[in-house]
Amino acid sequence: MRKDIQPLIAGLDIGSSQIRLAIGQMANRGEGEENSELQILGAASVPSAGVNRGVINSIEDVVSSVSACLESAERMVGVPIDSAWVGISGLHIISQHSKGVVAVSKVDNEISVEDVHRAIEASRAIATPLNYDVLHVLPKYFTIDGQSNVKDPVGMTGIRLEVDSQIILGSSSQIKNLTKAVYRTGLNIEDLVLSILAAAEAVLTPRQKEIGVMVVNIGVSTTSLVVFEQGEIIHTAILPIGSEHITNDIAIGLRTSIDIAEAVKIEYGDCTPGQISKREEIDLASLGAPEHEMIKKQYLSEIIEARVEEILQKIDAELIRIKRNSLLPSGVVFTGGGSKLAGLTELAKKQLRLPAVLGYPLSVITVTDKVNDLSFSTAVGLVKWGGKMLSEGWNDTTKKGWGLGGVSRAGSSLKKWVKALIP
Ligand SMILES: Nc1ncnc2c1ncn2[C@@H]1O[C@H](COP(=O)(O)OP(=O)(O)OP(=O)(O)O)[C@@H](O)[C@H]1O
Ligand SMILES: [Mg+2]
């Protein structure tokens, strides 16, 4: 069996609690996504500084923590890394629906790849809010002469080609702060990728995307989600609620410090109080509290359950918005550190009336167990995303040039997007 070994790809996830870097390469055993596997050769994480609520508040602190993370990952792989695929998230991200319309150019009215590119490019040219930059243009479906829901229009015949796209935008200043911080570590940016899209890349199979599935990443202060159907992204959202809200509730409920509350959550957190005996108790002193204090485990679980139910309710509200509540056959896949809470999938199944599982990075061969972790999905997904883009012909001329004052060259990379997003 021939194995094409590809160049090293790095995925950098600048999270609110940890900065994580995964380095890997795609090994192709043949054509097609199912024949490519990801080998992770190095992974590192360091506590993050200078990031709050997914947003950079000190470039200097981010530079030093990213540098530390990079150094430690480079030591693992034994070679210097000069560029990375970088995740971007936060409440500044917005998504807009857009339509692009073009006349089919060929005289015989056969739709060409160029027509599709032009249609997508046209959908990109929406009136973006001031001080926002386009991160992704995600074509959802095409319409040819009024016939909607066409998935792949190339080769079909028509006069008028329309595309319905979802445009993902981020605040220009947030994008600048992020890119500035990364460049200052000496790393080049291959591209910025919405973190939840990368995470989905790591934890989903193509089949799940086809059937209909949602990925939910529970982070520190935000919960991001993406919904796929027929292989396409149909919805994304970033909700302003995350795992730190649970910690805060515990701190208030148990009248203890945030640090103790966080330790209690990680050690004993569970969101199914019905399954916990009334007699079970925890001594807060065992988690670093200054004095012995016994708390009922069931009470702790009730506090957590209330907040998780609220998070699930907000997730369901997003499904209701797109009319998919209790209607996604492949259900919900939970990832991110906040999903490590015991009983989460059980509660989610009940409340969302959908199958629910935990999403660990899939089809990954790794030299380090570190990446088989719910909180590493985004970093691993970024490497997968990079691998996919490289196999589609991503190169220096298709780069967006984030350092050159924004998205000036984004248009040229669209070809790759189209290829990557249309099966
Ligand atoms: N075992 C656990 N049980 C419950 N919660 C946990 C556990 N481990 C970590 N968490 C919570 O997960 C959150 C961190 O998740 P994660 O590491 O995915 O965030 P991040 O990527 O650093 O930040 P973000 O994506 O929000 O910018 C923290 O709030 C932490 O309390
Ligand atoms: Mg994260």
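Per-structure values
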| item | result |
| --- | --- |
| Residue among Ile196, Ile211 that alone is surrounded by fewer than 23 Cβ atoms within 10 Å (Cβ to Cβ) and either within 16 Å of ligand 2 (Cβ to nearest atom) or not aromatic (Phe, Trp, Tyr) (or both) | Ile211 |
| Number of the condition not met by Ala181 [criteria: (1) among the small types (Gly, Ala, Ser); (2) surrounded by fewer than 23 Cβ atoms within 10 Å (Cβ to Cβ); (3) over 17 Å from the mean Cα position of the chain (by Cα)] | (2) |
| Residue tally, condition part of a helix (DSSP H, G or I) and either out of contact with any helix residue (DSSP H, G or I) (no Cβ under 9 Å at 6 or more places or on another chain) or at pLDDT below 95 (or both), over the range 302-327 | 5 |
| Odd one out for Tyr141, checked against (1) within 27 Å of Arg321 (Cβ to Cβ); (2) buried (at least 20 other Cβ atoms within 10 Å of the Cβ) | (2) |
| Entirely in the range 187-262, the strands (runs of 3 or more DSSP E) that have 3 or more residues that are out of contact with any Pro (no Cβ under 7 Å at 6 or more places or on another chain) and within 14 Å of ligand 1 (Cβ to nearest atom) | 213-218, 223-229 |
| Residue that is under 29 Å from the mean Cα position of the chain (by Cα), assigned by TED's automatic domain parsing to the domain that holds Ala317 and of a type in the set (Asp, Glu), where the choices are Asp259, Asp283 | Asp259 |
| Gly90 being crowded, with 19+ Cβ neighbours inside 10 Å and in a loop (DSSP other than H, G, I, E, B) | yes |
| Residue that is surrounded by the most Cβ atoms within 10 Å (Cβ to Cβ), among those in the range 337-351 that are more than 16 Å from ligand 2 (Cβ to nearest atom) and under 17 Å from Leu204 (Cβ atoms) | Ala348 |
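The values are calculated or read from the model by the stated rules, or taken from the named source; none is laboratory data. Bear in mind that the values here come from a model prediction, so they are computed numbers and not experimental data. A quick note on method: Cβ atoms are made from the backbone with ideal geometry, for glycine too, and the neighbour counts reach across all protein chains shown.
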